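*Asks:* Questions regarding the structure given below will be posed in turn.
What follows is calculated from the coordinates using simple rules that are stated; it is not laboratory data. Keep in mind it's a predicted model, so treat the numbers as computed, not measured. Neighbour counts are summed over all protein chains in view; Cβ atoms, including those assigned to glycine, are modelled from backbone coordinates with ideal geometry.
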Ligand code: NAD
């Protein structure tokens, strides 16, 4: 059993974390009421004072040690992810490995990215000046995270924030708080002064209190658009980093490596039961290979095993909760009513949603326009690359896109014309490396994750300028 590490806080409420697969109880955690925000802030203010005085070598050593501790306890972390988030054990192990990398990258960043010399003599008039800028902490950062990557997305906030010398008020998803609490424990066991990271468990009310608090300098949020909009309205004059949803397109051209394209799209569509911000949602296939692609894609989809995420041969685990299943099924039903054809899937059982393929979905359906965040994928034929790019770009927001082709010109043309934070060539949309800049491109896009980029967002430059009077 975990509890919020707050001394003297009058928190008495608990929430129960349950396994999305079988409903069993995974843990019980103490929640913090929005009314008790004063305790959190008091502690975070102390944390910010301590953090800014920690030399870079110490921040780095703590993060490095924490990475080793996660590595040593990797299986425990993976099992926690399976139990609270429902990811398959294979996917959970991968997330734990990525968390180790994120912490190691953060340890490097703490030492690497301290500032720069300013070239004052590059324009006339400032030759007598010499100086530099340093990267200074912001102070207190509120970090709010979603349920679908309950460990690594937390590491993507804590790692760069600690590297930058900040204190963090972390509110993980109330559905999956255990991995975050365990990671915070590991950081403290690795030498992090405990006031630097405060984990508070609760829902929207607590989130709102953490967002509105005057002492907070930045909100680093990962989650859905509706929440992102509420946070932006409530935040006031604070720095915002928003990692929001996707609706990723993948273009498959007739000259692509066919097998790699089918394989990549199947993996991209159903990873984490489709609860993946860069999951492949719309597959646009060039007409001459459309029939063959559809046949192969549906056949491979039907062979996937949906079930117990702890079994090593399970491909698709449960969705997080019944309401997520109901929402996804309603989106499919509306698309079918509007004229789409169901090719397979769409018979949910409990929280298990079998991989589902639709084709000819009208472009005004929400399953085409909105983020589906479920193991549901849409197939659509196209004739010319420009038509596919237009379809790819049709939603108002985007994170990642992919294109399979052996034509370098076409790949580069698509990469330059697709509006996305990342265009993966000969990969599905579902590729992310933790050191690359990661974020959205259109509506709601603010800041980037990927350790170096988050670190830069989470620090502020301070200039020191020396005027040499006797030259
Ligand atoms: P969500 O927006 O419902 O919740 C995210 C977090 O915000 C939770 O901790 C929640 O308690 C908190 N919250 C809710 N209301 C709040 C409020 N008014 N003020 C402050 N905090 C509040 O998202 P979710 O359902 O947990 O996660 C799924 C979403 O996250 C999807 O849209 C997905 O695309 C997105 N996501 C994005 C990325 C990315 O890096 N871009 C990664 C993973 C998930």
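*Asks:* So if I restrict to the alpha-carbon atoms in the chain, what is the Rg, and what is Dmax, the biggest pairwise distance, in Å?
*Replies:* 23.4, 81
*Asks:* Follow-up. Can you give me the convex hull volume of the Cα atoms of region 60-162, divided per residue and expressed in Å³?
*Replies:* 123 Å³
*Asks:* For residue 122 and residue 52, what does the FRET efficiency come to when R0 = 45 Å and r is the distance between their Cβ atoms, rounded to the nearest 0.05? All intermediate terms of the calculation are to be shown ahead of the outcome.
*Replies:* On the way: r = 31 Å, r/R0 = 0.69.
Computed FRET efficiency for residue 122 and residue 52: 0.90.
*Asks:* While we're looking at this one, here's another question. If all Cα-Cα distances of region 1-143 are sorted into 10 Å bins from 0 onward, what percent lands in each bin, rounded to whole numbers?
*Replies:* The distribution over region 1-143 is 10, 22, 29, 24, 8, 6, 2, 0, given as percents.
*Asks:* Could you work out [θ]222 nm for the chain from helices alone, using -39500 (n - 2.57) per DSSP H run of at least four and dividing by all its residues? Round to the nearest 500 deg cm²/dmol.
*Replies:* So the helix-based figure for the chain works out to -12500 deg cm²/dmol.
*Asks:* So, one more: With r as the distance between the Cβ atoms of residue 75 and residue 326 and R0 = 41 Å, compute the FRET efficiency 1/(1 + (r/R0)^6) and round to 0.05.
*Replies:* 0.75
*Asks:* Alpha carbon centre of region 324-378 versus region 69-92: separation in Å?
*Replies:* 29 Å
*Asks:* Here is a further query. Where does helix 74-85 land angle-wise versus the long Cα axis of the chain, in degrees 0 to 90, nearest 10?
*Replies:* 60 degrees
*Asks:* For helix 287-303, report the angle its Cα long axis makes with the longest principal axis of the Cα atoms of the chain; keep it between 0 and 90° and round to the nearest 10°.
*Replies:* For helix 287-303, the angle is close to 80 degrees.
*Asks:* How much length, in nm to one decimal, is gained on full extension between residue 22 and residue 349, taken as 0.36 nm per residue of separation minus their Cα-Cα distance?
*Replies:* 116.6 nm
*Asks:* Oh, and also: Give me the distance between the Cα centres of region 416-464 and region 290-315, rounded to whole Å.
*Replies:* When both Cα centres are located, 30 Å separates them.
*Asks:* Cα gyration tensor of region 215-300, axes a ≥ b ≥ c as square roots of the eigenvalues: rounded (a/c below 1.5), prolate (a/b > b/c) or oblate? Spell out each step's value before the answer.
*Replies:* Values: a/c = 4.01, a/b = 3.34, b/c = 1.20.
Here region 215-300 falls in the prolate category.
*Asks:* Also, quick follow-up: Going by average Cβ density within 10 Å per residue, which order do the peptides 215-228, 143-156, 300-313 take, highest to lowest?
*Replies:* Averaged packing, sorted descending, gives the order 143-156, 215-228, 300-313.
*Asks:* Note the full-extension length gain between residue 134 and residue 111 as 0.36 nm times their separation in residues minus their Cα-Cα distance, in nm to one decimal.
*Replies:* Stretched fully, the residue 134-residue 111 segment lengthens by 7.1 nm.
*Asks:* Assuming a viscosity of 1.002 mPa s and a temperature of 20 °C, what translational diffusion coefficient in µm² per second does Stokes-Einstein assign to region 240-286, Rh being the Kirkwood radius over Cα pairs?
*Replies:* Result for D is 185 µm²/s.
*Asks:* Using Cβ contacts closer than 10 Å as the measure, can you line up 337, 33, 179 from fewest to most? Provide the component values of the computation, followed by the final result.
*Replies:* On the way: 337 9, 33 17, 179 29.
By the 10 Å Cβ count, ascending: 337, 33, 179.
*Asks:* List 72, 239 from most exposed to least, where exposure is judged by having the fewest other Cβ atoms within 10 Å.
*Replies:* Working: 72 11, 239 17.
Ascending Cβ contact count within 10 Å gives the list 72, 239.
*Asks:* For region 297-366, what's the relative contact order in percent, using C-alpha pairs closer than 8 Å and at least 6 residues apart?
*Replies:* Relative contact order here is 31 percent.
*Asks:* Let me ask something else about it. Taking Cα pairs under 8 Å and at least six residues apart, what relative contact order does region 127-239 come out at, in percent?
*Replies:* Result for region 127-239 is 32 percent.
*Asks:* A follow-up question, please. Obtain the nm distance between the two label points defined at residue 394 and residue 426 by a simple spin-label model: each point lies 7 Å from its Cα along the Cα-to-C-beta direction.
*Replies:* 3.0 nm
*Asks:* Here is a further query. May I ask you to derive the relative contact order of the chain, considering only C-alpha pairs under 8 Å and at least 6 residues apart, and to give it as an integer percent?
*Replies:* Dividing the mean separation by the residue count of the chain yields 18 percent.
*Asks:* Also, I was wondering about something else. Helix 178-189: angle to the longest alpha-carbon principal axis of the chain, degrees 0 to 90, nearest 10?
*Replies:* Once rounded, the angle reads 30 degrees.
*Asks:* Okay, next question. Stick to the Cα atoms of region 273-320, pair each with every other, and give me the Kirkwood hydrodynamic radius in Å at one decimal.
*Replies:* 12.7 Å
*Asks:* Restricting the count to DSSP beta bridges whose residues both fall in the chain, what percent are antiparallel, rounded to a multiple of 5?
*Replies:* In the chain, DSSP labels about 35 percent of beta bridges as antiparallel.
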